[in-house]
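K.L.:
Here it is: the structure, laid out below.
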Amino acid sequence: MKICRLFVLMIISIGLVGCSNDTPNPDVLAEQFLEDYESRNYEAIYPMLTEGVHTQISKEDFISWYEETDETIQALNRMLSLEKEEVPEEEEAPEGEQYYLYSLEVETNIGLLTNEGRVKFELVEMEEGQEWKIDWTPGLLLPQMDYGDGVQYTPINPIRGEIYDRNGKELAVNGKLLQVAMVLGRMEGKEEEMIKKAAELLDLSEEFIEEKLNQSWVQPDHLVPIVELVYDGNEELMDMLQETSTEGLTFQTIPGRQYPLGAAAAHLTGYLGNIQADQLEELKEEGYTESSKIGRAGLEALFESELRGQLGGKISIVAEDGTEKDVLVEKEAVDGEQMTLSIDADIQKMAYDQLKDEHGTNVTMNPVTGEVLALVSMPTYNPNDFIVGISTEQFNELNNHPGKPFIAKFNQSFTPGSTIKPITAAIALENGWDPNAKIDVPENDRWQKDDSWGNHFITRVSGIPLTSLNLREAMVYSDNIYFAKLALETGEADIASGLEAFGFGEKLDFSTNLATSTYANENGLNRDALLADTGYGQGELLVNPLHLAVMFTTFLHEGSMIQPTLVASEQTGSFWKEQVISTETANTVKQTIFDAVQNQHATGHVANISTMNLAGKTGTAEHKSSQEEEGPETGWFIALNDGEPEVLSLMMIENVENKGGSRYVAEKVKQVLEAFN
């Protein structure tokens, strides 16, 4: 709590030490009082007070009165000013007395408390000589305060805003929880039996229940909460608890956050949880307390201030008997905002079902408007578990999982593999490459520029029947060597500037915290081998999945890149980057990725849907330290429909080397797309 002071002294005499006979000047004490007040040194202030004040309140009570009051009302700032009261010339100043006019302001989360008054300074005889003392009054603590009074703060909590999908389906709402509880006084000698019964019914250990019942505050008639459960679907349990209520095992309903899609939208919604100590330290001035709930992940955290609303409350002076004497300030709560997303809950669930048991992500969006329809990451967790109370064992299992289920993969960046080839093609075309020009590829499917590359060779999949390919053919067969050579032909500077034009190295403005896509480490594309690898999606390329999806919209928008949106109130149909490439280039590349799905030899043909006009690109990113060894593979597929329905879906799945590679991913994307028919 920061304390400010303003000290105004109407001083006629020169200096702060007396006018004559070494009489102390009260201004010296006033200055010291304000200095100690500013530093909250209440212990130092107490000796400054008169004997009369000391008889009213002890030192310990004085200090605690200030400290407890400020803690109770959550005082943010205290400002105190003192102005010396001058006696009119025609009147004689009382000997040994000096009055100061004070003005007190106390800033709290719910309003400003003010008080004005007079405080008397008295000149008293002490063993060491004369000293000024302050005839302190409780008005210097709070307005309307008197000895024996206390202060009470009654919070008025806002209703947290809820989150809905584009069709009004619930994603994060204020529902109710089933709280199972026990009452010791109703057990009447059947404690062991009821504890055992509760343990079996709730799948808890007896020791856990005993710990709850043995808490220091528990009295025989107290309702002791044991566990909280999701309300819906537990009707049978409630019927059982209704029968055991008179024997001490009962239940009640309490308010609680609910996530109807559960694990399917966990990384999107996030969850509500208890505030952490470090958060409380930072947010205390906003009215958070130790018992506050706060968004801990996902949109619950990102939109905490909008969803939470504004805290209300009442600060009252209460008498010793607890009755309310005066209301100092009262403020109504402002409920949190309702949020509607562009997400389609049905598509979100479909994408989740396709990614079950996988490590990967899906981004599905409308490529024309930019509205994001699904954001899925796997492995995942159930946000409802955090509302009802997740066990330490469950949390540790999730936290130590190699797939990192608490991290949203759609926010991260990954090696894109061949999905970058349409971007490489677009950059080359912008720099004068002829799409009909042929590039020769060795018959052994293995190539390096020269011996300076050492053991580094670029390979393509075996079975490609052509050894001289144009752009369309290279896209259909996803020929790595073609795109490696194409990158070298284009050149380091043009590839780098082209990628930057597509948004590499730049933060994509979006509701969630997306990783920035990058094409090289600190040294840039300064090696031919690295430049070649970059051309077909390896090297040091790291691409965010949503950014990659957005890059593909360039081919639908005659060279402009759509701005993605997640919140329904955001403007749709605007562009993040206009005219990244020419209309001619966009149309040329669009035809090649159309062929990469429609051509029966294409790697993406397995995803073709007869009722759609699909274009797309598969990709396989290899993760290994040398070309001689086998390593895990990440499969990609991105498909967009040129027409109705307006849809683009991207999926990335890790460890597909024994599942069919990117074709495996393409088949899953097809299932998502068919949900639009």
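K.L.:
What pairs can you find where one residue is in the stretch 639-665 and closer than 30 Å to Thr369 by Cβ, the other is aromatic (Phe, Trp, Tyr) and in a loop (DSSP other than H, G, I, E, B), and their Cβ atoms are less than 7 Å apart, with a gap of 6+ or different chains?
P.N.:
These pairs meet every condition: Pro645/Phe676; Val647/Phe676.
K.L.:
Quick check, is Glu622 on the phi < 0 side of the Ramachandran plot and free of Cβ contacts under 8 Å to residues at least 12 places away in the same chain?
P.N.:
no
K.L.:
Confirm whether Leu229 is closer than 21 Å to Gln394 by Cβ and either over 31 Å from the mean Cα position of the chain (by Cα) or of a type in the set (Val, Ile, Thr) (or both).
P.N.:
no
Listed here are the residues, each with its yes/no results for (1) at pLDDT 90 or above; (2) out of contact with any helix residue (DSSP H, G or I) (no Cβ under 7 Å at 6 or more places or on another chain).
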{"residue": "Ala265", "(1), (2)": "yes, no"}
{"residue": "Thr269", "(1), (2)": "yes, no"}
{"residue": "Thr289", "(1), (2)": "no, yes"}
{"residue": "Ser292", "(1), (2)": "no, yes"}
{"residue": "Leu299", "(1), (2)": "yes, no"}
{"residue": "Glu304", "(1), (2)": "yes, yes"}
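K.L.:
Test Glu657 against the criterion of being assigned to a loop (DSSP other than H, G, I, E, B) and among the charged types (D, E, K, R), and give yes or no.
P.N.:
Yes, satisfied.
K.L.:
Further question on the same structure: Residues being under 23 Å from Thr603 (Cα atoms) and among the β-branched types (Val, Ile, Thr): count how many of those fall in the stretch 386-424.
P.N.:
5
K.L.:
Keeping to the stretch 380-404, report how many residues are surrounded by fewer than 21 Cβ atoms within 10 Å (Cβ to Cβ), in contact with a Pro (Cβ under 7 Å, 6 or more places away or on another chain) and not in a helix (DSSP H, G or I).
P.N.:
Number satisfying all stated conditions: 2.
K.L.:
Which of (1) of a type outside the set (S, T, N, Q); (2) under 30 Å from Glu558 (Cβ atoms); (3) in a loop (DSSP other than H, G, I, E, B) does Pro465 not meet, given it meets every other one?
P.N.:
(2)
K.L.:
A further question on this structure: Of all residues in the stretch 80-116, how many are out of contact with any Gly (no Cβ under 9 Å at 6 or more places or on another chain), of a type in the set (Val, Ile, Thr) and closer than 30 Å to Glu285 by Cβ?
P.N.:
2
K.L.:
Can you find a residue in the stretch 90-97 that is among the charged types (D, E, K, R), surrounded by fewer than 14 Cβ atoms within 10 Å (Cβ to Cβ) and in contact (Cβ under 8 Å) with a residue 60 or more places away in the chain?
P.N.:
no
K.L.:
In addition: So Gln354 passes all but one of these: (1) over 21 Å from Phe386 (Cβ atoms); (2) part of a loop (DSSP other than H, G, I, E, B); (3) in contact (Cβ under 8 Å) with a residue 40 or more places away in the chain. Which condition number does it fail?
P.N.:
That leaves (2) as the condition not met.
K.L.:
Pairs needed: first member in the stretch 570-589, over 24 Å from Met475 (Cβ atoms); second member anywhere, charged (D, E, K, R) and surrounded by 15 or more Cβ atoms within 10 Å (Cβ to Cβ); C-beta distance under 8 Å; at least 6 residues apart or different chains.
P.N.:
Thr572/Glu371
K.L.:
Let me ask something additional. Conditions first: (1) under 30 Å from Leu355 (Cα atoms); (2) modelled with pLDDT of 90 or more; (3) of a type outside the set (A, V, I, L, M). Asp232 passes all but one, so which condition is the exception?
P.N.:
(2)
K.L.:
Tell me, please, whether a residue that is in contact (Cβ under 8 Å) with a residue 12 or more places away in the chain and closer than 16 Å to Ser413 by Cβ can be found in the stretch 480-499.
P.N.:
yes
K.L.:
Next question, about the same structure. For Leu204, only one of the following conditions fails: (1) surrounded by fewer than 18 Cβ atoms within 10 Å (Cβ to Cβ); (2) under 36 Å from the mean Cα position of the chain (by Cα); (3) modelled with pLDDT of 90 or more. What is its number?
P.N.:
Going through (1) surrounded by fewer than 18 Cβ atoms within 10 Å (Cβ to Cβ); (2) under 36 Å from the mean Cα position of the chain (by Cα); (3) modelled with pLDDT of 90 or more one by one, Leu204 breaks only (3).
K.L.:
Within the stretch 414-455, how many residues are outside any helix (DSSP H, G or I) and of a type outside the set (Gly, Ala, Ser)?
P.N.:
Looking only at that region, the number is 22.
K.L.:
Right, something else. What pairs come up if the first residue lies in the stretch 53-66 and is in contact (Cβ under 8 Å) with a residue 24 or more places away in the chain and at negative phi, the second is exposed (fewer than 14 other Cβ atoms within 10 Å of the Cβ) and outside any helix (DSSP H, G or I), and their beta carbons are under 7 Å apart, counting only those six or more places apart or on different chains?
P.N.:
Gln56/Tyr147; Ile57/Tyr147
K.L.:
Show me the strands (runs of 3 or more DSSP E) entirely contained within the stretch 120-230 in which 2 or more residues are of a type in the set (A, V, I, L, M, F, W, C), touching a residue at least 12 places away in the same chain (Cβ under 8 Å) and within 30 Å of Glu324 (Cβ to Cβ).
P.N.:
Where strands (runs of 3 or more DSSP E) fall fully within the stretch 120-230 and carry at least 2 residues being of a type in the set (A, V, I, L, M, F, W, C), touching a residue at least 12 places away in the same chain (Cβ under 8 Å) and within 30 Å of Glu324 (Cβ to Cβ), they are 150-156.
K.L.:
Another question about this same structure. Restricting to the stretch 605-620, give me the number of residues that are surrounded by 24 or more Cβ atoms within 10 Å (Cβ to Cβ), small (Gly, Ala, Ser) and more than 17 Å from Leu556 (Cβ to Cβ).
P.N.:
The qualifying residues number 2.
The values are calculated or read from the model by the stated rules, or taken from the named source; none is laboratory data. Just so it is clear, the model here is predicted, and its values are computed rather than measured. FYI the Cβ positions are ideal-geometry reconstructions off the backbone, even for glycines, and counts take in every protein chain you see.
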